1. Run the accessible area of region 267-344 with a 1.4 Å probe and give the carbon-and-sulfur part as a rounded percent.
2. Got a sec? What order do ARG70, ARG203 fall in by accessible area at 1.4 Å, biggest, i.e. largest, first?
3. Once ligands and nucleic acids are excluded and a 1.4 Å probe is used, how much of TRP154 is accessible, expressed in Å² to the nearest 10?
4. According to the Cα gyration tensor, what semi-axes, each the square root of 5 times an eigenvalue, does the equivalent ellipsoid of region 92-187 have, listed from largest to smallest in whole Å?
5. What distance in nm lies between label points placed 7 Å from Cα along the C-beta direction at ASN63 and PHE106?
6. Applying 1/(1 + (r/R0)^6) with R0 = 51 Å to the Cβ-Cβ distance of VAL265 and SER589, what FRET efficiency is obtained, to the nearest 0.05?
7. Report the full-extension gain for the segment ASP40 to THR144: residue separation times 0.36 nm, less the Cα-Cα distance, to one decimal in nm.
8. Pairs LYS190/LYS409; LYS146/LYS549; LYS447/LYS549; LYS146/LYS181: which are spaced more than 23 Å apart, C-alpha to C-alpha?
Amino acid sequence: MAITRTNLRMTDTAVITPLDRGATGDNTADDTAFLQTALDDSNYSIVDLQGKTYRITSTLTCNTSNKEIRNGTIRYDGVNTVPQARILSVVGAVSDTSYPLAANTFVGDNYIELTSGNLTASGIVAGNWVLITSDANITNQSATYKPEDMVKVWYTTTTRVYFTESLSFKYRTAETAAITKIDTVRSNIKLNNVTFKGAPLTRKDLGSNPLTPQATGASPVTIRVAHTGHGQSVNSHVYLANSVTGSGVDASNVGQSSHLITNVVDTYNYDVSITDTGGASATSAFGGSTMVAYTGSTRGVLFKYCTNIIIRNCTFEDIPMTAVELQHDHNSLVTENRIGNSTLSQPFNGLGVYTLGGRHLTISDNILTGRGTAIRVGGTQGTIFATVSNNTIESCNFIGVYIYPTTYKCVVSDNIIRLTDWQPREDKFNSFGIRSFSNDFECTGNKIEGCTSSGISWYMTAKGASGFGGYCNIANNTIHAPRSTAYVALDTNATMHCGILIKEQSSGTTSPTCEGSRITNNFIFGYPSCIQMIVDDSKTSSSGEVGWKDIIIANNIGLATPKAGYSKSAYGVSLENDMHASINGVITSNALSLGATTTKPLIRFSASSSDNVRYPKASTLMGNALNSSGETQTAISAILVYDSGLSTLVGR
């Protein structure tokens, strides 16, 4: 082995540095090739950056397992030849061939069945990793959210593949259920004390009508962009925002999109290629007077088809797009990292940590600032067993923690989330502290401030014919509304503005039932309403009982203070559109106060958004302290005396 640097650490044969391969680490020279060579050397398990800063001009890849990268800075300074260049990519490989299941499986099974011929053809043996998938929509949403289990093969028989873990979704042959072998899995990868620094995001105002089609005709359309001192080059990308329609080109195909620069005319103009179905009908200048161009939209690190991933004590700077991305990974830990400001005036969603698929994910003890959405768990495919805890999220402008419908079980606990009072993004009008669509949802001990829509929201999605919407435990959270009156300007939006929102969210005819859920020991201050629970009673479930079954709302302190100018209704606790109201429910020991600007009841059972009367069924309302300066004592208790006789009212 040739030694190209004199500082090779001969005392530790497991460690290599990029300096050993010819890098300078001076933040000026292009060290891409030398750093890549160090990563590719399978003889060394540790790549020690030795506190240096390495300038790279293209994406680095890690193509071996059992690798640690530690102690230094990697700065991306390349041309964005893709819409958002990544600094580091660690990606395995999945087979091109999937094999259909020979029989249905159920939640909790630890095996699947194939025909003997397909099992032989698949090449699947003990120790392999596989993906189990289907085309089923596991929610009742209009979009398709598909199940996925990433599991390790324990052993095989003639027609069965057994796994080391149970399946978390059901897979049906009629829904194209299949198994796919992951040919290459990257395992035991660790990033420790590394700073990933992207190309700084630049923003330029384009002036009035800066876009001019170079010819009429069908897509793709070449459009010249007037841009003084742009400093761009061919094959780089630019993100255009705030376009208006003109010359037959739809604004949605221009604005809020990344485009390839195909020609640099001079320092004042460049051409981009636009995909537009209708094409250009004229060559007149268009775009409006507020268009903006952004360049430098770098991504951080990507792990895909990996196991045993640790990202610890790393820093991500100048990365306006996704900083940490995990796709189809097993047993991942993202902890003690600092993910910095992504520039709030930019149009990107700016995800801090994003996961898609996989299982056993922990995101803990991180500091995330200035993102669009700080943490997003799940996407179009299933994520199983996720924990988001002890993170500090500051100055985000959309969502603190976003849990997608494909997430099977999720715990969100002990996070501090402070969002901005108002959002600079033109296309976003509401912000959320924690927004979850997961099947089962534990949300405890969080401190949330500054959300214009809701502090904590859980959206139930029907699962198959059963109509069971899952379970939630929302407890011991502190939720403060924005200090400003930001949500007043949003009161025409359909989203509820309240401390805690639980809402049935399905597009089909089956409505889920919320059973055994708990909302306890929360402190809610400053929203128009404290707690709202909404079910669409135009739909039915297989049991015929749609609504809130066996729920407990207890020991909450809610101070609702709808501000002047807010036109929507305000309540302490509201159960709306509930076909059977509360079944075996308990609302007890809550202290609720409503501001002077409303005449609505503090506790409300409702059959519609305009109906304040619905009979509770076998429910107990006991020991609640109710206070409203907006109505009389008789009006406060009016909703409670409309009792069917099956419920118990003790004290108030």
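1. It is 45 percent, rounded to a whole number.
2. So the residues, ranked largest to smallest area, are ARG203, ARG70.
3. 140 Å²
4. 21, 15, 13
5. Going from the ASN63 label point to the PHE106 one covers 4.6 nm.
6. 0.10
7. Computed gain between ASP40 and THR144 is 33.6 nm.
8. Violating the 23 Å Cα-Cα cut-off are LYS190/LYS409; LYS146/LYS549; LYS447/LYS549.
The values are calculated or read from the model by the stated rules, or taken from the named source; none is laboratory data. Values in this document were obtained by computation on a predicted structure and should not be read as measured data. We place every Cβ from the backbone using ideal geometry, glycine too, and count neighbours over all the protein chains shown. When the accessible area is computed, the model is the full protein with side chains, heavy atoms only, and any ligands, DNA or RNA have been set aside. Shrake-Rupley method; radii C 1.70, N 1.55, O 1.52, S 1.80 Å.
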